[in-house]
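Everything below concerns the one structure shown next.
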Amino acid sequence: MQTPNEARGRIAAAIMQHPREFVGIVMAAAATLTIFVNALFLQHGPHPAPIFATRPLVAARHPASANPPGQAHLVAGIQRALGSKGFYTGNVDGIWGAETDAAVRDFAQAAGLKIKSEASAALLRTITASKVEAPAPARNDPIAKLLAPSKKLLAIQRALSDFGYGQIKPTGAYDPDTRAAIEKFERDRKLPVTGQVSETLVRELSAMTGRPLE
């Protein structure tokens, strides 16, 4: 019968003669042990699953995600209130788009109020309680149509003013202040400096504000 020292000596000699095989046996044993530990203690969900538990990924917010049901209901109420006073003519869809934003700003300008252009219960109460109504458009007057402010330019002027590109009065008319603000915006965004209203300008402003301007 061999002694413990003799057994250890035989094992050491075998390792020295076959080092690669020994390393392979050790790695296989470690992998087997890892699989058993993982299956018995680390897995809380259905199989197959990763060998080691990981943190769940947090869903990223999308800038264009739909409004929550409560917010959509509030926006729809604001749209109805603006429509009843002639400031909004679009669909009552509960989506805060460029037309709704412009209608709120037109109402605030007509009422002489300084309010944030964002959905809130306070805004809805203010619109509902106000007696201000949008002026009736002139009928069959081509001159009045030519002189009427451009809604697109109004939205551009407001966006430029909101983000600090000059002291622009949102009149809907193209003037030197508007041209200077557009040029400054184009330089900041590394765009060709034209000072003109273009599709590129509208697209870049929409990306900056996070909402369509048309």
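The values are calculated or read from the model by the stated rules, or taken from the named source; none is laboratory data. Bear in mind the structure is a predicted one, so any value in this text is a computation, not a measurement. Here Cβ is always computed from backbone atoms with ideal geometry, including for glycine, and neighbour counts include all displayed protein chains.
So the values come out like this:
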| item | result |
| --- | --- |
| Considering residues of the range 82-134 that are charged (D, E, K, R) and part of a loop (DSSP other than H, G, I, E, B) only, the residue nearest to Pro170 (Cα to Cα) | Lys114 |
| Counted residues, the range 190-214 - those being farther than 26 Å from Ala108 by Cβ and surrounded by 15 or more Cβ atoms within 10 Å (Cβ to Cβ) | 2 |
| Condition check for Lys169: within 15 Å of Ala102 (Cα to Cα), surrounded by fewer than 15 Cβ atoms within 10 Å (Cβ to Cβ) and among the charged types (D, E, K, R) | yes |
| Count of the range 187-205 residues which are in contact with an Asp or Glu (Cβ under 8 Å, 6 or more places away or on another chain) and either in a loop (DSSP other than H, G, I, E, B) or outside the structural domain of Leu153 (by TED's automatic domain parsing) (or both) | 6 |
| Conditions (1) surrounded by fewer than 18 Cβ atoms within 10 Å (Cβ to Cβ); (2) in contact with a Lys or Arg (Cβ under 8 Å, 6 or more places away or on another chain); (3) of a type in the set (D, E, K, R): number failed by Asp101 | (1) |
| Test result for Ala148, within 23 Å of Tyr174 (Cα to Cα), surrounded by 14 or more Cβ atoms within 10 Å (Cβ to Cβ) and at pLDDT below 85 | no |
